[in-house]
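Quick notes on the structure that follows.
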Amino acid sequence: MQYQGRNQELLILENVEGKGIHSLHLPMIPGSLTFLWFKTRQSIHIDGTALQLKANQVLCLTEFHRLETEKFERVRLIRFNRPFYCIKDHDNEVSCKGLLFYTATEPPIITIPKSETDKFEILWEMFLIEMATADNLQFEMLQMMLKRFIIFCTRIYKSQYAMPQNIARGWDVIREFNLLVETHFREVHTVAGYAAKLNKSPKTLSNYFLRQRNKSPLQVIQERIMLEARRLLRYSDKSVKEIAYEIGYEDVQSFSRAFQQKEGIPPSAFRK
């Protein structure tokens, strides 16, 4: 099912069962974000990395993620573009930028608790009803359904990766850091560079990460750079030298050393 507004607003809802990758409207729609709600176990590859999804897990993807699988067993898809709902402009409503989307590292996976399953099922049914109701309130109602889905996922994510209440504002700092890395990883490779953009000291920034997750800010930066390197090596025809310069290395030797240290093999061997 698809909603197309007068100003290029686009929302797609679909039950995908026993279909191939082309059933997901790939290539990605520019500026689109996607929820994949897996209803059964599924093996997929994201940017060349294997993932095992369980029933009632939700995967959050941007237009830049490369998804590969032979076929989908049973998946529910929600895809929307920026004109339909911009999470950056409406961050005060859903608080998901840098958390569910634009996270700078691997795409988040939300596990829907059994106690929340009925809530998600009801919301999905309401979504379908509104998609079939073409009147002058349809756009507003569909936006409201989407916001509720995003908020449900954000709450679950925060509960699964809980931060102590006394430093809960650290979530906002981490979200802003993730978004900055996603935007500037090609030219800014240091924690100090991002700390300055956030008006924080590198130590303060590191402390937020230490309390909330098992990765340091530097690891997040390095993983985002290497993710882009793997994408370009796997999906583009650019030379290793061109890729090195594109992601901010001054020479190909430095890039090759960093890539081999992280991935275990040189860039040329990875591509082969």
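Read the figures in this text as sums done on the coordinates, not as results from a lab. Since the model is a prediction, treat every value here as computed from it, not as a measurement. All Cβ positions, glycine included, derive from the backbone under ideal geometry; neighbour counts span all protein chains shown.
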For helix 170-184, report the angle its Cα long axis makes with the longest principal axis of the Cα atoms of the chain; keep it between 0 and 90° and round to the nearest 10°. 70
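Under a Cβ-Cβ cut-off of 13 Å, what is the net charge of the residues other than Lys88 that fall near it, where Lys and Arg count +1 and Asp and Glu count -1? Walk me through the intermediate numbers first.
Working: positive: Arg82, Lys97, Arg175; negative: Asp89, Asp91, Glu93, Glu176, Glu182.
For residues surrounding Lys88, the net value is -2.
Rounded to the nearest 20 debye, what is the charge dipole size of the chain about its Cα centre when +1 sits on each Lys and Arg Cβ and -1 on each Asp and Glu Cβ? Don't skip to the end; give the middle numbers.
Working: 38 positive and 31 negative charges, 171 e Å.
Its charge dipole is roughly 820 debye.
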On a 0 to 90 degree scale, rounded to 10, what angle separates helix 217-235 from the longest Cα axis of the chain? 80
Once amide H atoms are built 1.01 Å from N in the peptide plane, which residues 5 or more positions from Lys39, or in another chain, come under 5 Å H to H? Asn56, Arg74, Val75, Arg76
What angle do you read, to the nearest 10 degrees and between 0 and 90, between the alpha-carbon axis of helix 117-131 and the longest principal axis of the chain? 70
Hull volume per residue for region 167-271, using the convex hull of the C-alpha atoms, in Å³ is 97
Let me understand region 2-160 better: what is its radius of gyration from the alpha carbons, and its Dmax, in angstrom? 14.8, 44
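Could you work out the Kirkwood radius for region 77-194, taking every pair of different alpha carbons, averaging 1/r and inverting it, reported in Å? Before the final figure, lay out each step's value.
Values: mean 1/r = 0.0623 Å⁻¹.
After inverting the pairwise mean of 1/r, the radius is 16.1 Å.
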Calculate, axis by axis, the spread of Cα positions in the chain along the three principal axes, and write the results as whole Å, longest axis first. 58, 47, 37
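Summing Lys, Arg as +1 and Asp, Glu as -1, what charge do residues with Cβ under 12 Å from the Cβ of Glu130 carry, Glu130 excluded? Working shown, then result.
Details: positive: Arg148; negative: Glu125, Asp135, Glu140.
Net local charge, Glu130 excluded: -2.
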